Amino acid sequence: MRLAVYGKGGSGKTTISTCLLQFLNYFCDFQVLGIDGDHNLHLAEELGATPVEMQRGDLGTARDIGNDLDWLRSYFAGTNPRITADLPMIKTTPPGEGSRLLRLREPAEWRERYVTLIDGVELIRVGDFTQDDYRKKCFHSKTGAIEIFLKHVWEDHNEAIIVDMSAGKDVFASPLPSLFDRNIYVVKPTRKSVSNAGDFLAHAKNFGLDMLVVATDIRSRQEVPAIENYLMRTVDAVIPHDAFFVQRDSLVLSRPPHVREASFTVLDAFYNFTDLLRQLPSHNWENLLTRMLYHHEETAHDWAGVNFTAQIQPGFNPFERFQSNKLATA
């Protein structure tokens, strides 16, 4: 499954992303990949990364995919003849014959370039602004790397890709949310948090997204119904206030505690949440392909240029190729 986690700054968005990654890996034996899609780059720290882990031995520090777009595009384009100097890969370009279509767990060059292993959890980062970006680029120029990656790397039933998204509703300016099996919004029982949640969910509905809502930092029985009354919908998962989360934020500890160290109450909440996620259907291949082609045609007609529609290979289904196990070499 592939999940995106959203939320207002301070809502616990990155904490929920972290705990989901650790819980699925440690308790459910999933191979997991976390993608830090926020320019604040907190996910590695939340996962408890040490300087040694970040250095990666002889490999050196991992590159950020959002700051390595030329290599990323060339790598996943492979030998696709529809991607040329005149028609370069853009973030909506669909895979075609010759594109690299890879399984999450198989050895591949992108792993050596981008992945940092942190206590069983694999992490890649979009990256922050560089000196060359100032006054020239918005952050969407980097999050487009996530779209390219998610179109070419696919996970199996016992694997998960979880993206810690940037805060805010500007995500709806791109097709990225349509590439996830589930989009999750994290909300706290405060006026500002539910107000932001209501606004975000309204845009999600207009976008055509079905959202899951997770209530965090819940201290009383009245708070969940209050959130539901404000949002006029049910809350899908509840994460209680707990000393475990206070410890995760503490400056006294050298690193945030792993979710395996959480209280029974917290573990029970994440068991129920991950059980819900695992029961939901994943990868509606037909819808994914339809949306992928639609968004590329839309982009071509809106701003890229109608000639970019030539990058669509009629009749080509990258998912059939993936499911048949006939993948390009890494």
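Bear in mind that the values in this text are calculations on the coordinates, not laboratory data. Predicted, not measured: the structure shown is a model, and the values here were computed from it. Here the Cβ positions follow ideal geometry from the backbone for every residue, glycine too, while neighbour counts run over all protein chains shown.
Structure data summary
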read-out: Estimated inter-spin distance, THR79 and SER254, nm [label 7 Å along Cα→Cβ]; value: 5.1 nm
read-out: Length released on extending from PHE319 to TRP303, taking residue separation times 0.36 nm less the Cα-Cα span; value: 3.0 nm
read-out: Using alpha-carbon coordinates, inclination of helix 140-152 to the longest axis of the chain, degrees; value: 80 degrees
read-out: Rg/Rh for the range 185-225, where both radii come from Cα atoms and Rh is the Kirkwood radius; value: 1.01
read-out: For TYR185, distant residues with modelled amide H under 5 Å away; value: TYR6, LEU212, VAL213, VAL214
read-out: Angle between the chain longest axis and helix 285-299 axis [Cα atoms, degrees, rounded to 10]; value: 70 degrees
read-out: Longest to shortest principal axis, alpha-carbon extents of the range 40-94, angstrom; value: 43, 26, 14
read-out: Contour excess over end-to-end distance, with Cα ends at ASP119 and THR190 and 0.36 nm allotted per residue; value: 22.2 nm
read-out: ARG221, ARG248 arranged by Cβ crowding within 10 Å, fewest neighbours leading; value: ARG221, ARG248
read-out: DSSP bridge orientation in the chain - percent antiparallel, rounded to nearest 5; value: 10 percent
read-out: Selected from SER250, SER11, SER74 as most flexible by GNM, with the chain as the system and alpha-carbon contacts under 10 Å; value: SER250
read-out: Antiparallel DSSP beta bridges within the range 104-245, percent to nearest 5; value: 25 percent
read-out: Exposure proxy order (Cβ contacts within 10 Å, fewest to most) of GLU97, GLU155; value: GLU97, GLU155
read-out: Interchain or long-range residues, amide H under 5 Å from ILE239's placed H; value: ALA215, THR216, ASP217, ILE218
read-out: Long-range HN-HN contacts of GLY78 with modeled amide H, under 5 Å; value: ARG100
read-out: Order of THR143, THR274, THR18 - criterion: other Cβ atoms within 10 Å of each residue's Cβ, fewest first; value: THR274, THR143, THR18
read-out: Computed helical MRE - 222 nm, the chain, DSSP H runs ≥ 4 contributing -39500 (n - 2.57), nearest 500; value: -10500 deg cm²/dmol
